[in-house]
Structures are given as structure tokens and as C-alpha cells.
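Scroll down for the structure; my scribbles are underneath it.
Every read-out reported here was derived from the displayed coordinates using simple, explicitly stated rules and does not represent laboratory data. The shown structure was predicted, so the numbers you read here are calculated from the model rather than taken from an experiment. No Cβ is skipped: glycine too gets one built from the backbone with ideal geometry, and neighbour counts run over all protein chains shown.
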Amino acid sequence: MKYNKKILSLLVFFVSIFSLLIWNYFKQSQIKEYSNRTMGKVIKFKSGGGGARYSISYVYYVDAEKYVGHTGISFFKCDNGKKGCVGNEFTVYYSSKNPEYSRIDLGKYEKYKTTVEFIK
């Protein structure tokens, strides 16, 4: 019985991971297919558990409506010394069909992203 529970747990884990990857791919496909862009501003730098994971949040507006996006990053500071470039503006690509689907282009800091992007 213990053996079956382990197999079931592993199966649930892999199905969950696969589902997240499919969902991420779908959102990125929507951004590419219905691509539009605007300027966004990094508003938050966040350190995850144990300090090994980081993320940034950014805000952008589409037709006067506010949206907030997030992306995983490794630790970095902008040229101005701000962690994760908080306060800096970057281009944000979003889906005109679903504006909540977005990705931020960090320009020369793009190499610090850890969020997997299948489609650019």
C-alpha cells in the first residue's frame, strides 16, 4: 500500500508540473499572437524563502486599467544600485485579447530572469 501512495504522489506531482508548463505556454502564446506593448514600472523586489529565490512585480496600464505582473529573477541591482531595478521603467508585452497576460523585457538585465519563457 505504501508503494502505491508513493507512485500516486509522484504522478500527482508530475501532472501538476506538466499542467503549469502547459498553462505558462498558453499564456505566452497569447502574448505573442495578440502582441501589444506598453511601458511598465518595477514596483517591488521580493526575496523568497532562504534568500535563494527572488521575484519582481511590475505595474502597467492598458486602456487606463491597471495590471500587475510578476517574474522570477536571480539577484541583481540596476546601475543606480536599486535591487531588481525597483522604480525603473521597461517595455511590457501583453496580450491585447487578455491584457493580464504579460511579460516584462528587462533589457540589459534580461539575463537575470529565471521565469521560463518558451516564446519571445
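Which whole-number percent gives the relative contact order of the chain, counting Cα pairs below 8 Å spaced six or more residues apart? Please list the in-between numbers first.
On the way: 199 pairs, mean separation 33.8, N = 120.
RCO, the chain: 28 percent.
Kindly write out, for the range 55-64 in residue order, the coupling ³J(HN,Hα) from the Karplus curve 6.51 cos²θ - 1.76 cosθ + 1.60 (θ = phi - 60°), rounded to whole Hz, with x marking Gly and Pro.
8, 10, 10, 9, 10, 8, 10, 10, 6, 6
Nearest 500 deg cm²/dmol is fine: what mean residue ellipticity at 222 nm does the chain get from its DSSP H runs of n ≥ 4 alone, each adding -39,500 (n - 2.57), divided by its residue count?
About -9500 deg cm²/dmol.
Working from Cα positions, state the angle (0 to 90°, nearest 10) between the long axis of helix 2-33 and the longest principal axis of the chain.
The helix 2-33 is inclined about 30 degrees to the chain.
Using θ = phi - 60° and the Karplus form 6.51 cos²θ - 1.76 cosθ + 1.60, what ³J(HN,Hα) does each residue of the range 85-96 get, whole Hz, x for Gly and Pro?
Result, rounded to whole Hz: 6, 4, x, 7, 9, 9, 6, 10, 9, 9, 8, 5.
Only one of the listed values, [x] 12, 30, 30, 20, 7, 1, 0; [y] 14, 52, 32, 2; [z] 13, 37, 30, 13, 6, 1, was derived from the coordinates as P(r) over Cα pairs in 10 Å bins from 0, in percent; which label is it?
[z]
Highest mean first, what order results for 111-117, 18-24 on Cβ atoms within 10 Å?
For the peptides 111-117, 18-24, the packing ranking is 111-117, 18-24.
To the nearest 0.05, what FRET efficiency results for TRP23 and PHE75 with a Förster distance of 30 Å applied to their C-beta separation?
Here the calculated transfer efficiency is 0.65.
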